[in-house]
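Taking it in order: structure first as structure tokens, then the write-up.
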Amino acid sequence: MRSAKNKSNSIDQKNRPLTHREILIVLSGLMTGMLLAALDQTIVSTALKNIVEEFNGLNHYTWVITAYLLTSTASTPLYGKISDLYGRRPVFQFAIITFLIGSFLAGASQNMTQLIFTRALQGLGAGGLMALTFVIIGDIVAPRERGKYQGYFGAVWGLSSVAGPLLGGFFSDNSTILGISGWRWIFYINLPFGILALIITSAVLHIPKVKREHKIDYFGALLLVLAVSSVLLAVSVYGPENGWTAPMTLSVLSGGLLLTVIFLWQEQRAAEPILPLRLFRNHTFSLTSALAFIIGAGMFGAIVMLPLYLQVVKGNSATEAGLKLIPLMLGIVSMSIFSGKKISSTGKYKIFPIIGAGIMTFGLILMSTLNENTSFGVLSIYSILIGAGLGLSMQTIVIALQNSVDFQDMGIATSSNTFFRSLGGAFGTAIFGTILSNRVAYYLQENFATLSQTNPKAVEGFDSTKLEVLTTNTSMIITLPPAIRDTVLHSFTQTFQVVFFAAAPVTFIGFILAFFLKEKPLQSSTDHHAAKTEAAGEAVG
């Protein structure tokens, strides 16, 4: 009798709600880990030019990004399931250690092959950092209180969207730092932050491990990784490089779709599926998964294309382009914090993704009006609008999702949402990148044909084969004669207008879907604590 009572008291003590101070300490560790993963999605892009020049690896340029994207996206749902089985802290720390090993080895790479493999290892750790951050905050904070804390994670996204290109530009602009090639520091800078995250989570992240009989669906996990990898390879590498109707593109894409069908069949028969299909019977889970995909596509479309516009059309350096993303960050941070506090005080959340997707769509339409003479002040207003839309939407749908699923499904449901957002980002980046490369080639040909008719002298002696080079290497623009340079810049401007305009219908679909989100009363701290205690009690029993 006494033993049972002591056991019950032990469970209650372990599952007691954390104080505000304790939550903030845990948040510091989670945010540090999440910053590492978010930062590495953007920091590498501005340094890639120097890296491929040192390794003579221009033909493998896209693989440095794709390798990271593949492993981080494909592993995201796996972390949620595994953490449900083995506990949050050990799995989160495994992700940190994996990411740090990958970072150290990437910084020490001696050729492109090594860099690609180590970037894949980085991505494997990053998938856990991204997914488990939201899972853990879902464990320790009730949905009603979660808004005011999740706003901080929006701030991390905003910071990474600016700090990534800025730091990447700074490191790549320096040939050496402390006797080490400047670009290698984009990986080495992760080490102290990762160690700090390990120390903090070891000290304060004490979440009871729910032990139960389990059987991991290894075959389903393998099918998921292969299916996602195949589809992403088709849309991000083979399609843009070889053409969408090329045999290699079609075969890889078809293989990915076939593997997806087999994966769905496997999940229906598995005892403990990696991605339980029953979750899709939950209206909120299905809807927030679609919204996450759309927000991911819109977010990456803006974050990837805006720095490119600033560097190509406005002639900014990588560092300057990073600084000019600060308005975007301000929009994300301010609205993440604002919406979080409002959700906590009112208990209402449905209105925020509706307004957010609407504002983001409006901002993208305004972005489609950018030209060679657009001032930074005007660009800042457009950027703030897109950032505000992201800030109002991104964390809110996670709160809605976590409030709608059973406590024992918290890990897999949350990580699945992160998975769909990463998947949307991958598809969005690939599709918008394809639009960019196709349209710039078209506008260059069209505008040069017009220039040769209206000002034949301007194109006399100009080698027209350089037009093809301009679609892959913009460094020579500054060396062109004024009339030709203006034509090139106008062609790129028209291209960016098309890309931003193409992104607007995507986020508009999100705006429509958000109206169908069902608003359920957010769980109070008492309800959340009861569900948590019940889950732990069932495990002990």
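The values are calculated or read from the model by the stated rules, or taken from the named source; none is laboratory data. The model shown is predicted, which means the values in this text are computed figures rather than measured ones. Ideal geometry is used to build each Cβ from the backbone, glycine not excepted, and the neighbour counts take in all protein chains shown.
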Looking only at segment 231-246, decide whether some residue is modelled with pLDDT of 85 or more, in a helix (DSSP H, G or I), crowded, with 19+ Cβ neighbours inside 10 Å and not small (Gly, Ala, Ser). no
Considering only segment 264-274, I want to know if a residue exists there that is surrounded by fewer than 22 Cβ atoms within 10 Å (Cβ to Cβ), over 18 Å from Ala413 (Cα atoms) and free of Cβ contacts under 8 Å to residues at least 40 places away in the same chain. yes
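Which of the helices (runs of 4 or more DSSP H) found entirely inside segment 373-470 contain at least 3 residues meeting this: free of Cβ contacts under 8 Å to residues at least 40 places away in the same chain and in the same structural domain as Leu310 (by TED's automatic domain parsing)?
Values: elements: 376-404, 410-454, 466-470.
Per the criteria, 376-404, 410-454.
A quick yes/no check of all residues on (1) touching a Pro at 6+ places or on another chain (Cβ under 7 Å); (2) surrounded by 18 or more Cβ atoms within 10 Å (Cβ to Cβ); (3) farther than 30 Å from Asn174 by Cα:
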| site | (1), (2), (3) |
| --- | --- |
| Val313 | no, yes, no |
| Ala321 | yes, yes, no |
| Met329 | no, yes, no |
| Thr346 | no, no, yes |
When residues of segment 179-194 are filtered for being over 21 Å from Ile101 (Cα atoms) and touching a helix residue (DSSP H, G or I) at 6+ places or on another chain (Cβ under 9 Å), how many remain? 0
Filter result for the condition that a residue is aliphatic (A, V, I, L, M), within 19 Å of Ser368 (Cβ to Cβ), at pLDDT 80 or above and not assigned by TED's automatic domain parsing to the domain that holds Val228, over Leu279, Leu328, Leu308, Leu287: Leu328
